[in-house]
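Novice: If you scroll down you'll find the structure; I have some questions about it.
The values are calculated or read from the model by the stated rules, or taken from the named source; none is laboratory data. No experiment lies behind these values; they were computed from the predicted model shown. Counting neighbours? That spans all protein chains shown, and the Cβs are built from the backbone with ideal geometry, glycine included.
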Amino acid sequence: MHMSHALIASENPNRLINRLCKHWGHKFPVHLGENEGRIELPLGECQLRADGTTLAVELQSNDAEAQGRMRQVVAEHLARMATGETLAIEWQDGPAARTTA
């Protein structure tokens, strides 16, 4: 299993999640919650979570080639959904760090 993640500053990360899930919901299985979303793409799974002004994105795929392609596809689509906003997306290998309370 290959994983990568990015923390993306955004003026409205909930809007990005909503727009991306609705955009892909016509083609792929999608779960859309209040502050999170999950999209099951042919390349793998994309999980999105909003926290204040940060959009956390985590990608999972079965092979390195699919992972690289998914990074590109998700970044391109997020940029399209971020009308009037420029997103800086820097992918990191591995799962996002989890915090516990």
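Novice: List the strands (runs of 3 or more DSSP E) that sit entirely inside region 14-98 and contain at least 1 residues that are within 13 Å of Met3 (Cβ to Cβ).
Specialist: Details: elements: 30-32, 36-41, 44-51, 54-61.
Filter on region 14-98 gives 44-51, 54-61.
Novice: Given the conditions (1) touching a strand residue (DSSP E or B) at 6+ places or on another chain (Cβ under 6 Å); (2) of a type in the set (S, T, N, Q); (3) buried (at least 16 other Cβ atoms within 10 Å of the Cβ), report the number of the one that Thr54 does not fulfil.
Specialist: (3)
Novice: Can you name the residue in region 66-101 that is at pLDDT 90 or above and acidic (Asp, Glu) and is also farthest from Glu45 (Cα to Cα) among such residues? Don't jump to the end; show me each part of the working.
Specialist: Residues of region 66-101 that are at pLDDT 90 or above, as a first pass: 66-82, 85-92.
Right, trim to acidic (Asp, Glu) and you get 76, 85, 90.
Values: Glu76: 16, Glu85: 25, Glu90: 18 Å.
Result: Glu85.
Novice: Do you know which residues across region 47-74 are of a type in the set (A, V, I, L, M, F, W, C) and over 21 Å from Glu11 (Cα atoms)?
Specialist: Within region 47-74, Leu59, Ala64, Ala66, Met70, Val73 qualify.
Novice: Could you grab me the full set of residues in region 1-29 that are among the hydrophobic types (A, V, I, L, M, F, W, C) and within 15 Å of Leu78 (Cβ to Cβ)?
Specialist: Passing the criteria: Ala6, Leu7, Ile8, Ala9, Leu16, Ile17, Leu20, Cys21, Trp24.
Novice: Going by what's in this entry, would Asn35 be described as more than 16 Å from Glu90 (Cβ to Cβ), exposed (fewer than 14 other Cβ atoms within 10 Å of the Cβ), in contact (Cβ under 8 Å) with a residue 40 or more places away in the chain and not aromatic (Phe, Trp, Tyr)?
Specialist: no
Novice: Here's something else I'd like to know. State the number of residues belonging to region 42-65 that are modelled with pLDDT under 95, of a type in the set (Gly, Ala, Ser) and in contact with a Pro (Cβ under 9 Å, 6 or more places away or on another chain).
Specialist: 1
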